[in-house]
Amino acid sequence: SQQGEEDPQALSIQEGENATMNCSYKTSINNLQWYRQNSGRGLVHLILIRSNEREKHSGRLRVTLDTSKKSSSLLITASRAADTASYFCATVLNTGTASKLTFGTGTRLQVTL
Amino acid sequence: EAGVVQSPRYKIIEKKQPVAFWCNPISGHNTLYWYLQNLGQGPELLIRYENEEAVDDSQLPKDRFSAERLKGVDSTLKIQPAELGDSAVYLCASSLDLRGGGEQFFGPGTRLTVL
């Protein structure tokens, strides 16, 4: 079962514009991670934000986390054609002795020239 | 440094046939995961290993799926017999974090088509 839901399901923007993707989840988490998946490829880890953090930056990426609303957002600034991919949020739940990573349904981003 | 290696990349079989996927994780990574990804969906965990031990296989359909990680390094996922609904991408991932909560490194996946 999917823990998170990304919004929008699909997003099309022009190169240079910013892209914002949102993720909502249902239960308390330890951390939340964002991954990128290019067509026909495996997933690549982008950024991890812990439950006690509110914002994190990595290059052109900015992630926010609001645990009271159980939501996160991923902002890609000055997008490039190479950013075209699917983006997934994944939540880590603490379930006693083991942590589990659960992926959302993904946002498909298309960046056009 | 080599990433997670999976083979084959593509497999086409007829229903009721057996199929096996192989994964070699990043050297030194103790935790290994097998995920199933349906078209347009996020990956769903099938099984997680910590070294040789399967610590979470609650989502693995044990009537037809099996997995092993002998010697705590590479792993094999098997389906016998395959059904039409098993058509999907099977992803392998590994991580350093024994608790499973850190960054995971994914292989390119095996795309299975069952006819």
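The values are calculated or read from the model by the stated rules, or taken from the named source; none is laboratory data. Just so you know, these numbers come straight off a predicted model, no measurement behind them. Cβ atoms come from the backbone with ideal geometry, glycine included; neighbour counts cover every protein chain shown.
Apart from one condition, A:ASP66 fits all of (1) within 15 Å of the chain's Cα centre (by Cα); (2) facing another protein chain (nearest Cβ under 9 Å); the exception is (2).
Residues in the range B:59-77 that are more than 9 Å from the chain's Cα centre (by Cα) and either within 22 Å of A:LEU43 (Cβ to Cβ) or basic (Lys, Arg) (or both): B:GLN59, B:LEU60, B:LYS62, B:ARG64, B:PHE65, B:ARG69, B:LYS71, B:VAL73, B:ASP74. Can you say whether B:ARG9 is over 12 Å from the mean Cα position of the chain (by Cα) and within 14 Å of another protein chain (Cβ to nearest Cβ), as far as the supplied structure shows? So B:ARG9 passes the test.
At least 1 residues that are at pLDDT 95 or above, at the interface with chain B (Cβ under 10 Å from one of its Cβ atoms) and under 12 Å from the mean Cα position of the chain (by Cα) in each: list the strands (runs of 3 or more DSSP E) lying fully within the range A:72-113 that qualify.
On the way: elements: A:85-95, A:98-103, A:107-112.
Once the strands (runs of 3 or more DSSP E) in the range A:72-113 are filtered for at least 1 residues that are at pLDDT 95 or above, at the interface with chain B (Cβ under 10 Å from one of its Cβ atoms) and under 12 Å from the mean Cα position of the chain (by Cα), what remains is A:85-95, A:107-112.
The residues in the range B:33-56 that are part of a loop (DSSP other than H, G, I, E, B), surrounded by fewer than 19 Cβ atoms within 10 Å (Cβ to Cβ) and within 12 Å of chain A (Cβ to nearest Cβ) can be counted, and the count is 4. Taking the criterion of being closer than 12 Å to B:TYR33 by Cα and outside any strand (DSSP E or B), the residues of the range B:60-71 that qualify are B:LEU60, B:ARG69. Residues considered: A:SER79, A:SER24, A:SER72, A:SER58. Of these, the only one that is of a type in the set (Gly, Ala, Ser) and more than 21 Å from A:PRO8 (Cα to Cα) is A:SER58. Per the listing B:GLY42, B:GLY72, the residue uniquely touching a Cys at 6+ places or on another chain (Cβ under 9 Å) and farther than 23 Å from B:PRO18 by Cα is B:GLY42. Filtering the range A:2-48 to residues that are more than 21 Å from B:GLY40 (Cβ to Cβ), at the interface with chain B (Cβ under 8 Å from one of its Cβ atoms) and not in a strand (DSSP E or B) leaves only A:ASN30. Checking every residue in the range B:74-95 against the condition of being under 23 Å from B:ALA2 (Cα atoms), part of a loop (DSSP other than H, G, I, E, B) and at pLDDT below 95 gives zero matches. Looking only at the range A:3-21, decide whether some residue is modelled with pLDDT of 95 or more and hydroxyl-bearing (Ser, Thr, Tyr). Yes, that holds for at least one residue.
Restricting the range B:96-115 to residues that are assigned to a loop (DSSP other than H, G, I, E, B) and surrounded by fewer than 20 Cβ atoms within 10 Å (Cβ to Cβ) leaves a set whose member that is farthest from the chain's Cα centre (by Cα) is B:LEU115.
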